[in-house]
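J.: For reference, the structure I am asking about is given below.
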Amino acid sequence: MSVATLQSDRLGANPFVVEGPIVSGSGIPSPNFSLGAVAGGDRESEWVYCQLVLASQTTLQPGQWFQWTRDYVASLLTTAAAVVGQRCGVFSGAAQPPTLTGGPVGAITLAPGTYYVWLQRNGQAPSQVATATAALVVAETTTTPGQASAPGSATATTKAIANVNFAAANQTFTATTVNGSNLLTSLSGLNAGSGPFIGAAVSGTGIAGGTTISGITYSPSGIVQSITLSANATANGTGITITATGVLEATLMRPFLSKVN
């Protein structure tokens, strides 16, 4: 029988808050939870509390993949560094109090130091992917730190990530564009839990090549209100179909590194 020792709602033990940098002797208590503690949320989501030591300035983006040791020390996942048998999951995004929003939030740039982060291991989550094949249940590592791939067939010498499923190879929704504006409004066909996510590449009529999502605003109840792009739209449009790739919704089922392909 299992016993719950930590219970939180969305704004309780907030899995989007990054703690640190922790400076020895500063008097700031840390870690604030036991390493390996688990926090739960909606859509069957679970986060694990891990230590993250950064040797250089690093930007954490929603959907980046991490692996962690049995001592819950996390590191960005790459093929070269992946250890078969270790558990893995994704960084869901970062927010710092007193910001309270209704959905997954953004990237955070961290100076070198020791941090404590919540990494998602179960439920619906953003995932950075080079290639995604719908309904594929086994993903794999890549040479890019934090990025996975889910091609139609395994790539030799990569490490397989078991227990991951992608609902679709991309995501589409509709929006209104305004020439010279970087905001997408009047959104339809999406929700906060399923994306789109910050960092995703977007395309569509009036969207310049290479444009990505740089920000998302939510209502307190989690409704996506607008999307900020990295470049201004080049045309006015209503009900424009937008396709997002690169950061997609994945279903995590406590993934782990299962083998060398």
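The values are calculated or read from the model by the stated rules, or taken from the named source; none is laboratory data. As the structure is a computational prediction, the values presented were derived from the model and not from experiment. Don't worry about glycine lacking a Cβ; one is built from the backbone with ideal geometry, like all the others, and counts go over all protein chains shown. For accessibility, only protein heavy atoms count, side chains too; no ligands or nucleic acids. Shrake-Rupley method; radii C 1.70, N 1.55, O 1.52, S 1.80 Å.
J.: When you go through V105, V48, V23, V83 one by one, which is the residue that is more than 25 Å from T157 (Cβ to Cβ) and either modelled with pLDDT of 90 or more or among the basic types (K, R) (or both)?
T.: Details: V105 fails: either modelled with pLDDT of 90 or more or among the basic types (K, R) (or both); V23 fails: either modelled with pLDDT of 90 or more or among the basic types (K, R) (or both); V83 fails: more than 25 Å from T157 (Cβ to Cβ).
Of the residues listed, the single one that is more than 25 Å from T157 (Cβ to Cβ) and either modelled with pLDDT of 90 or more or among the basic types (K, R) (or both) is V48.
J.: If you take the residues in segment 67-78 that are touching a residue at least 60 places away in the same chain (Cβ under 8 Å) and crowded, with 23+ Cβ neighbours inside 10 Å, which one is nearest to A244 (Cα to Cα)?
T.: So in segment 67-78, the residues touching a residue at least 60 places away in the same chain (Cβ under 8 Å) come out as 67, 76-78.
Right, trim to crowded, with 23+ Cβ neighbours inside 10 Å and you get 67, 77.
Details: Q67: 26, L77: 23 Å.
Taking the candidates together, the pick is L77.
J.: Another question, if that's okay. Please go through segment 152-183 and give me each residue that is within 30 Å of I227 (Cα to Cα), over 23 Å from the mean Cα position of the chain (by Cα), open to solvent by 30 Å² or more (accessible area, probe 1.4 Å) and polar (S, T, N, Q), ordered by number.
T.: Hits for segment 152-183 are N179, S181.
J.: What is the residue count in segment 189-213 for residues that are free of Cβ contacts under 8 Å to residues at least 24 places away in the same chain and open to solvent by 30 Å² or more (accessible area, probe 1.4 Å)?
T.: Residues flagged as free of Cβ contacts under 8 Å to residues at least 24 places away in the same chain and open to solvent by 30 Å² or more (accessible area, probe 1.4 Å) within segment 189-213 amount to 3.
J.: Might you check whether a residue that is over 23 Å from P255 (Cβ atoms), touching a residue at least 12 places away in the same chain (Cβ under 8 Å), β-branched (V, I, T) and open to solvent by 50 Å² or more (accessible area, probe 1.4 Å) occurs anywhere in segment 108-117?
T.: Looking through segment 108-117, at least one residue is over 23 Å from P255 (Cβ atoms), touching a residue at least 12 places away in the same chain (Cβ under 8 Å), β-branched (V, I, T) and open to solvent by 50 Å² or more (accessible area, probe 1.4 Å).
J.: Can you work out which of the residues in segment 214-223 that are open to solvent by less than 20 Å² (accessible area, probe 1.4 Å) and at pLDDT below 85 is farthest from V178 (Cα to Cα)? Break it down into steps so the answer makes sense when it comes.
T.: Just the residues of segment 214-223 that are open to solvent by less than 20 Å² (accessible area, probe 1.4 Å), to begin with: 215, 219, 222.
Next cut, at pLDDT below 85 only: 219, 222.
Working: S219: 22, G222: 24 Å.
Result: G222.
J.: Looking at this structure, is A235 surrounded by 15 or more Cβ atoms within 10 Å (Cβ to Cβ) and among the aliphatic types (A, V, I, L, M)?
T.: no
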